[in-house]
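The values are calculated or read from the model by the stated rules, or taken from the named source; none is laboratory data. These numbers were taken from a predicted model, which means no experiment stands behind them. Every residue, glycine as well, gets a Cβ built from its backbone with ideal geometry; the counts of neighbours run over all protein chains shown.
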Amino acid sequence: MKTKKIVMLTALSLMTAGCSTPESPKVFSIEKMFSNSPAISLGVSTIDVYNETSCDCDYENFFAQDVEKWARTRFLPTGSQGQAKIKVSEMKIVEHPARIIGNLVTPAKDEYRATLTVRVSVTDDLGFEKSYIENTVKRAAYVPSNISLVEREYAVRKLITEIIVEMDGQISSNINNNLSYTNP
């Protein structure tokens, strides 16, 4: 009887040994990502962030929250008058299922296309726009069609992070070169 129990417990433990929960995806922190970078200084007294669009995607909350965190942590008002408005005028992630057909060796791949457009405008105290810049970043990512939802979420979060990092570089360069309301 004892050997029967031992055999049953051993068989049960061997059957469940291969089962595991998927590893949770690495969380991308916008605040930590730009913590060592100097803030983008604008010679205005206040900075407001607006999202003029709603994202038509399953990941709209991630995208909107990360873009807003990026804008609020990266831009710094350093002047005594005027206002800067940071408007997100386009923000979307579109999934195109199985655009790349698989074969025996490689699985079919789904495509995610992301677009982000940000406009930084500077207004005087009366609300008249003095100058502005606008940047658009587009990226695509391919993921195997047969991956888990956790892995898919990780790939989309990585795409969102990459597009924000690219936008940060373009906006920083564009502000330094073309916007006259910056402080060194």
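Which residue is nearest to L76 (Cα to Cα), if the candidates are limited to region 150-169 and must be over 8 Å from the mean Cα position of the chain (by Cα) and among the charged types (D, E, K, R)?
That would be D168.
Need the failing condition index for I47 against (1) crowded, with 18+ Cβ neighbours inside 10 Å; (2) hydrophobic (A, V, I, L, M, F, W, C); (3) at pLDDT below 85; (4) more than 17 Å from the chain's Cα centre (by Cα), just the number.
That leaves (3) as the condition not met.
From the residues in region 141-157 that are surrounded by fewer than 18 Cβ atoms within 10 Å (Cβ to Cβ) and hydroxyl-bearing (S, T, Y), which one is nearest to P97 (Cα to Cα)?
S145
Pairs only if they're at least six apart or on different chains, beta carbon under 6 angstrom, first in region 20-47 and within 21 Å of I164 (Cβ to Cβ), second modelled with pLDDT under 65 and surrounded by fewer than 17 Cβ atoms within 10 Å (Cβ to Cβ); list them, first residue then second.
Filtered contacts from region 20-47: S41/N183.
Quickly run through region 103-157 and pick out the residues that are β-branched (V, I, T), more than 25 Å from E68 (Cβ to Cβ) and not in a strand (DSSP E or B).
If the condition is that a residue be β-branched (V, I, T), more than 25 Å from E68 (Cβ to Cβ) and not in a strand (DSSP E or B), then V105, T106, I147 are the ones that fit.
Please verify whether D66 is out of contact with any strand residue (DSSP E or B) (no Cβ under 7 Å at 6 or more places or on another chain) and modelled with pLDDT of 85 or more, treating the condition exactly as stated.
Spelling it out, D66 is indeed out of contact with any strand residue (DSSP E or B) (no Cβ under 7 Å at 6 or more places or on another chain) and modelled with pLDDT of 85 or more.
Regarding A11, is this residue at pLDDT below 90 and out of contact with any Cys (no Cβ under 9 Å at 6 or more places or on another chain)?
yes
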